[in-house]
1. If I filter region 22-45 for residues that are touching a Leu at 6+ places or on another chain (Cβ under 9 Å), in a helix (DSSP H, G or I) and under 17 Å from Phe78 (Cα atoms), do I get at least one hit?
2. Report whether or not Gln106 is free of Cβ contacts under 8 Å to residues at least 40 places away in the same chain and in a helix (DSSP H, G or I).
3. Take region 1-21 and flag every residue that is under 19 Å from Gln127 (Cα atoms) and either part of a helix (DSSP H, G or I) or of a type in the set (S, T, N, Q) (or both).
4. Would you point out which residue out of Pro121, Pro71, Pro59 is part of a loop (DSSP other than H, G, I, E, B), out of contact with any Leu (no Cβ under 6 Å at 6 or more places or on another chain), on the phi < 0 side of the Ramachandran plot and surrounded by 17 or more Cβ atoms within 10 Å (Cβ to Cβ)?
5. Within region 60-79, is there a residue that is of a type in the set (D, E, K, R), out of contact with any helix residue (DSSP H, G or I) (no Cβ under 6 Å at 6 or more places or on another chain) and without any contact (Cβ under 8 Å) to a residue 12 or more places away in the chain?
6. Within region 127-146, track down each residue that is closer than 30 Å to Thr56 by Cα, of a type outside the set (Asp, Glu) and assigned to a helix (DSSP H, G or I).
7. Can Met1 be described as in contact with a Gly (Cβ under 7 Å, 6 or more places away or on another chain), of a type outside the set (D, E, K, R) and modelled with pLDDT under 95?
Amino acid sequence: MDTSKSVVVLLVEDDPGDQKLIRNALGHQKIKNRLYIVGSGEEAIGYLERSKTGDTESPRPDLILLDLNMPGMGGKEFLRHIKADNDLCAIPVVVVTTSDSESDVQESYKLHAAGYVQKSPSPQELQRLVEKLAKYWFATSLLVKN
């Protein structure tokens, strides 16, 4: 990964507390990143549609962090939508959720999630989780160039 370029992360999360914790954890990373936050699957689809037009306020994400349990369009429906879109399907989506249900894990991977991690109720544990995700996706893994 080119460390001189900022990594664009789209967080799809309805909980303001988790939004803040993830923002803070990403803010402490050595790799520059720009975080964009939306509170629902519908908002995320709108953001991604704008990104396809080159909208500078909605840059194409290099990585999407997705909560499964949201009102309206949930995470699984969002995954179905994005992975069916040829312009968006290569963007890695990591599910970050409280659910440890085996059926949620299996279905998320069947819908081509790039990863599935369980959120901890502890703010410190959530911060460590996000730090591990950032190290892997920003420094280790090769991402599709936008």
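The values are calculated or read from the model by the stated rules, or taken from the named source; none is laboratory data. Source: prediction; values computed, not measured. Quick reminder, even Gly has a Cβ in these numbers, built from the backbone with ideal geometry, and neighbours come from all protein chains shown.
1. Yes, because at least one residue in region 22-45 is touching a Leu at 6+ places or on another chain (Cβ under 9 Å), in a helix (DSSP H, G or I) and under 17 Å from Phe78 (Cα atoms).
2. On the way: free of Cβ contacts under 8 Å to residues at least 40 places away in the same chain: yes; in a helix (DSSP H, G or I): yes.
Yes.
3. To start, the set of residues in region 1-21 that are under 19 Å from Gln127 (Cα atoms) comprises 7-21.
Pro16, Gly17, Asp18, Gln19, Lys20, Leu21, listed by residue number.
4. Numbers: Pro121 fails: surrounded by 17 or more Cβ atoms within 10 Å (Cβ to Cβ); Pro71 fails: surrounded by 17 or more Cβ atoms within 10 Å (Cβ to Cβ).
Answer to the check: Pro59.
5. No; the residues of region 60-79 include none that is of a type in the set (D, E, K, R), out of contact with any helix residue (DSSP H, G or I) (no Cβ under 6 Å at 6 or more places or on another chain) and without any contact (Cβ under 8 Å) to a residue 12 or more places away in the chain.
6. Looking only at region 127-146, we keep the residues that are closer than 30 Å to Thr56 by Cα, and these are 127, 129-146.
Checking the rest, the ones that are also of a type outside the set (Asp, Glu) come to 127, 129-130, 132-146.
Of everything in region 127-146, those that are closer than 30 Å to Thr56 by Cα, of a type outside the set (Asp, Glu) and assigned to a helix (DSSP H, G or I) turn out to be Gln127, Leu129, Val130, Lys132, Leu133, Ala134, Lys135, Tyr136, Trp137, Phe138, Ala139, Thr140.
7. On the way: in contact with a Gly (Cβ under 7 Å, 6 or more places away or on another chain): no; of a type outside the set (D, E, K, R): yes; modelled with pLDDT under 95: yes.
Against the criterion (in contact with a Gly (Cβ under 7 Å, 6 or more places away or on another chain), of a type outside the set (D, E, K, R) and modelled with pLDDT under 95), Met1 does not qualify.
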